[in-house]
Amino acid sequence: MLWLVLLFVATVQSLKPVILVPGALASKIEAKLNKSERSHFYCSKTSDWYTLWLKLDSIVAPAVNCWADNFKMEFSDGVFSNTPGVETRVAGFGDTHTLDYVDDWNYISYYKDLVEGIMSQPGAEDGVSVRAAPYDFRYSPPSSQSKLFFHKLKMLIEDTYNYSGSKVVLVSHSLGGLTTSTFLHTMSQQWKDQYVHAWVSAAGVFGGAVKEVKVLVSHGVVDLPDFVVNRLVQRDVARTIMGNYFMLPRYPVWGKDEVLVQTPRTNYTLGNLEQLFADMGVTDGVEKWKTVRNASYTGDPGVPTHCFNGKDVPTSASFYYKDQKDFPDVVPETVSGDGDGTVPARSLQVCHNWNSTVTVTEYSGADAGEHDKIVGNKEFIKSIIELIS
């Protein structure tokens, strides 16, 4: 029986700690208001800290107008910032259950099943075995906010390593993959060898997503029916968000002549994206895009990497307008290709070609591999538990 006891002790001691890096829209953002004026008579000018994202009842009309006024960003001299009178912070950095759900009603499950799966293992310790690294997804590299997040993430990894005595496993999803890739690029190989056991990337949007084009052209940050949320209000907010420009398709994953949006008059590509912004009426769109288009790093990360993604799910490949008068306010028709329903296959598969990539796992179909469902996939969770055990 002694060998069983020793095996149990060894299992407990060898459990690798996990740090979760979320995708876009998953972090909880809080706001505090001290504004000199209000956009609508029913909106508050002052407040204590409250949930700005995501509070479901705040994104339906008429409350959406107040939310939009506080969530949108300013852009001046190449810098994105909050609107005047709005202070924001990200809730729960370093916590265990911050990313269990997307919303404050605990209605939209996110990392919950994965966290519960890890915490059910022998030796799992609350606040150590799983920790969260949420961030304000409105910002992206090279902003000062992203640099601050990278510093906090570095400190969190080192603190977790020092407390647990074990190297850390990073688990990212979607935009979190591009964010983690860029973060790892900023760290020395010596640091990565010392502190990072492995990186698990789920549904990484490494080459960008064509869906982001529709977000800026016609749709907005919340993909819900127009009778639930005011789509054009949402779109106006989306056009101010730094992170949306960061996730646009990028060269060379997309060729400069590949059509992204087609109208009876013009084919819009990466080669003439400036014209698309102008025709949309976003006069500073080119400048916003230029601040971020070369700010990401998608080369070999220098740590053992496990890539998980979906396939065989119809995914936006381009958009077209049959009638010129519908552009850009009407939702366009979609031409679909392969991917996970949100990110095209070629963007997901950037990580397949890295020398540091140890395993590649692809789940076929919407039930197993759909973009947002993959982190709750039982096989994915099983793979994580095997990796940390």
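The values are calculated or read from the model by the stated rules, or taken from the named source; none is laboratory data. Because the structure is predicted, anything quoted here is derived from the model rather than measured. Using ideal geometry, Cβ is built from the backbone for each residue, glycine included, and neighbour counts are taken over all protein chains shown. When the accessible area is computed, the model is the full protein with side chains, heavy atoms only, and any ligands, DNA or RNA have been set aside. Shrake-Rupley method; radii C 1.70, N 1.55, O 1.52, S 1.80 Å.
Numerical summary
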item: Subset of region 19-32 [outside any loop (DSSP other than H, G, I, E, B) and closer than 17 Å to I59 by Cβ]; result: I29, E30, A31
item: Candidate set from region 74-97 (those that are farther than 21 Å from T51 by Cβ and among the charged types (D, E, K, R)); member that is least open to solvent (accessible area, probe 1.4 Å); result: E74
item: Count of region 257-267 residues which are within 15 Å of P332 (Cα to Cα) and either more than 25 Å from the chain's Cα centre (by Cα) or polar (S, T, N, Q) (or both); result: 6
item: Yes/no for D104 being in a loop (DSSP other than H, G, I, E, B), at pLDDT 95 or above, more than 17 Å from the chain's Cα centre (by Cα) and surrounded by fewer than 20 Cβ atoms within 10 Å (Cβ to Cβ); result: no
item: Which listed residue, of A198, A202, A209, is hydrophobic (A, V, I, L, M, F, W, C), at pLDDT 95 or above and surrounded by fewer than 24 Cβ atoms within 10 Å (Cβ to Cβ); result: A198
item: Residue among E158, E116 that alone is more than 15 Å from the chain's Cα centre (by Cα), in a helix (DSSP H, G or I) and without any contact (Cβ under 8 Å) to a residue 12 or more places away in the chain; result: E116
item: Considering residues of region 335-371 that are in contact (Cβ under 8 Å) with a residue 60 or more places away in the chain and among the polar types (S, T, N, Q) only, the residue surrounded by the fewest Cβ atoms within 10 Å (Cβ to Cβ); result: T342
item: Filter result (farther than 22 Å from D69 by Cα and β-branched (V, I, T)) within region 239-294; result: V253, V259, V261, T263, T266, T269, V286, T291, V292
item: Answer residue from region 119-144, given it is assigned to a loop (DSSP other than H, G, I, E, B) and among the polar types (S, T, N, Q) and is surrounded by the fewest Cβ atoms within 10 Å (Cβ to Cβ) among those; result: S120
item: Count of region 86-100 residues which are free of Cβ contacts under 8 Å to residues at least 60 places away in the same chain and over 15 Å from E30 (Cβ atoms); result: 3
item: Which numbered condition N70 misses (of (1) within 19 Å of V18 (Cβ to Cβ); (2) crowded, with 17+ Cβ neighbours inside 10 Å); result: (1)
item: Residue match in region 32-51 (condition: under 23 Å from N244 (Cα atoms) and open to solvent by less than 10 Å² (accessible area, probe 1.4 Å)); result: no
item: Enumeration of residues in region 241-270 that are small (G, A, S) and either surrounded by fewer than 14 Cβ atoms within 10 Å (Cβ to Cβ) or in contact with a His (Cβ under 6 Å, 6 or more places away or on another chain) (or both); result: G255
item: Which listed residue is out of contact with any helix residue (DSSP H, G or I) (no Cβ under 7 Å at 6 or more places or on another chain) and either under 16 Å from P328 (Cα atoms) or not hydrophobic (A, V, I, L, M, F, W, C) (or both), from L232, L270; result: L232
item: Residues being assigned to a helix (DSSP H, G or I) and either among the small types (G, A, S) or modelled with pLDDT under 95 (or both) - total across region 164-177; result: 3
item: Matching entry among A26, A10 (being in contact with a strand residue (DSSP E or B) (Cβ under 8 Å, 6 or more places away or on another chain), open to solvent by less than 70 Å² (accessible area, probe 1.4 Å), among the aliphatic types (A, V, I, L, M) and modelled with pLDDT under 95); result: A26
item: Which numbered condition T298 fails, given (1) hydroxyl-bearing (S, T, Y); (2) more than 23 Å from P141 (Cβ to Cβ); (3) touching a Gly at 6+ places or on another chain (Cβ under 9 Å); result: (2)
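Rundown of residues vs (1) touching a Phe, Trp or Tyr at 6+ places or on another chain (Cβ under 9 Å); (2) of a type in the set (S, T, N, Q); (3) under 19 Å from V343 (Cβ atoms), yes/no style:
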position: L216; (1), (2), (3): yes, no, yes
position: G243; (1), (2), (3): yes, no, yes
position: T263; (1), (2), (3): yes, yes, no
position: G281; (1), (2), (3): no, no, no
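Each row is one residue, and each column tells you yes or no for (1) open to solvent by less than 20 Å² (accessible area, probe 1.4 Å); (2) within 21 Å of G176 (Cα to Cα); (3) of a type outside the set (S, T, Y).
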position	(1), (2), (3)
A238	yes, yes, yes
A278	no, no, yes
T298	no, yes, no
N309	yes, yes, yes
D312	no, no, yes
A317	no, no, yes
P328	yes, no, yes
